[in-house]
Protein chains: 2
Amino acid sequence: MDEASTMPATIEFWYEFASPYSYLAAGRIEGLAAAKRLAIEWRPFLLGPIFKTRAHDPSPFQNPSPAQRRYRWRDVQRLCAAAGLPLRLPSTYPRNGLLAARVALVAIDEGWGPAFTRAAFHANFAEDREIAAPAVIGALVAALGHDAAVVLERAASPANKERLKASGEAAIRRGIFGAPSFLVGEELFWGNDRLEQAIAWARAPLDLPPLTIGG
Amino acid sequence: MDEASTMPATIEFWYEFASPYSYLAAGRIEGLAAAKRLAIEWRPFLLGPIFKTRAHDPSPFQNPSPAQRRYRWRDVQRLCAAAGLPLRLPSTYPRNGLLAARVALVAIDEGWGPAFTRAAFHANFAEDREIAAPAVIGALVAALGHDAAVVLERAASPANKERLKASGEAAIRRGIFGAPSFLVGEELFWGNDRLEQAIAWARAPLDLPPLTIGG
């Protein structure tokens, strides 16, 4: 048995703090992964730079039609109800997730990444708090028992900023175009509604033929 | 007990023959609805006129990024494998679903709508056949035991053309912006991945509060 096969299978969870469907996935992934004995790799990133690489932005996240806009929140509401997650419609949407993502990277390094991730999503989507504000994020950090000033300083360090930027570049390189996304090896799954499928794949990937036109 | 409550609960299935996710839903809905004793109302329609009402087309169906385009077919492939549906990547995409939708309306009137719908989706996505071609659609109709010339003539009648147009207008009025969509009363669900949720709703709707910003 080689080293790799003794490691637990891993699912990479790529999430954006502005995204309500990332909130849903963040609220569901730990229970689902634990039930299948999967490790989670937490990958906060920003969608903005990815959307900017497109000539036209085809994302309903940024540019929905009125019908889509109405639909989206009803859809999120129904899914939150089904998942047992609280929801308050954010008075600002989408919120800038930059600061939260930078702090999440620090938290992940220090072993409290999942707790911070949940807290920041909860602030945005269950409490309608402005997660772009250092005071809000600082309060979340403090509530988790960490020194807000120290953490915010680490989050703002050039190395940490660079790391988030590199994450965004890695996302593009690996084919990610939206959030949440899940990677199992290089197999990509997009959307909260693909979480169960991604987890099943991590345990037992399907052996699918290459896709060719007309093939 | 009033008359309505003795009727079976109904799910409206709005589908577009060009849409691979509509193919998936068409292949799954009958078994799922039957298990819950739900009636299906088959509603073929066209997405093109809906997309044209938008200033910018935010639909990945029409305007995907290269990453989305790569992802989509892999996603469809995985979902078809899970649903036990065959898939051949269409050499033309999206195909024009106008003729198939018109014929589907005739078939629905005459009681063979589901069979024709399955056949036309199968031709497009499992056999890579040009469903915009009268010869292809005519062959499907004939294989189902109907007179192709008669059916194609009915499909091309002014009344039938008008009916499809009216369906598209009804779709917009009722908030539909993509396909497949499901309506349970006026509760809208979008996407093959919401089919199970729509069916559950038809049996037992959630009682959700109105959504207000910050509420």
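The values are calculated or read from the model by the stated rules, or taken from the named source; none is laboratory data. The structure displayed is predicted, hence computed values, not measured ones. For neighbour counting, all protein chains shown are included, and Cβ atoms are generated from backbone atoms with ideal geometry for every residue, glycine included. Remember, those area values only see protein heavy atoms, side chains included, never the ligands or the DNA or RNA. Shrake-Rupley method; radii C 1.70, N 1.55, O 1.52, S 1.80 Å.
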> Do we find a residue being touching a Pro at 6+ places or on another chain (Cβ under 8 Å), open to solvent by 40 Å² or more (accessible area, probe 1.4 Å) and modelled with pLDDT of 95 or more anywhere in segment B:116-129?
Replying inline: yes
>> Can you pull out every residue in segment B:182-199 that is more than 9 Å from every other protein chain (Cβ to nearest Cβ) and among the small types (Gly, Ala, Ser)?
In response: B:Gly185, B:Ala198
> Considering only segment A:151-178, how many residues are open to solvent by less than 40 Å² (accessible area, probe 1.4 Å), facing chain B (nearest Cβ under 10 Å) and in a helix (DSSP H, G or I)?
Replying inline: 1
> In segment B:179-204, what count of residues is obtained for those that are open to solvent by less than 80 Å² (accessible area, probe 1.4 Å) and outside any strand (DSSP E or B)?
Replying inline: 15
> Which condition breaks for A:Pro134 when tested against (1) open to solvent by 40 Å² or more (accessible area, probe 1.4 Å); (2) within 14 Å of chain B (Cβ to nearest Cβ)?
Replying inline: (2)
> Checking B:Ile131 against (1) of a type in the set (Val, Ile, Thr); (2) part of a helix (DSSP H, G or I); (3) farther than 30 Å from A:Ile50 by Cα, which single condition isn't satisfied?
Replying inline: (2)
> Can you tell me how many residues in segment A:147-194 are in contact with a Lys or Arg (Cβ under 6 Å, 6 or more places away or on another chain) and within 25 Å of A:Arg54 (Cβ to Cβ)?
Replying inline: 1
>> Need pairs with beta-carbon distance below 7 Å; first residue more than 28 Å from B:Ala155 (Cα to Cα) and within segment B:23-50, second acidic (Asp, Glu) and open to solvent by 40 Å² or more (accessible area, probe 1.4 Å); sequence gap 6+ or separate chains.
In response: B:Leu32/B:Glu196
>> Tell me which helices (runs of 4 or more DSSP H) are completely within segment A:18-112 and hold 1 or more residues being aliphatic (A, V, I, L, M) and within 14 Å of another protein chain (Cβ to nearest Cβ), or say none if there are none.
In response: A:20-35, A:48-52, A:66-83
>> Suppose we filter segment B:158-215 for residues that are within 17 Å of the chain's Cα centre (by Cα) and among the hydrophobic types (A, V, I, L, M, F, W, C); how many remain?
In response: 17
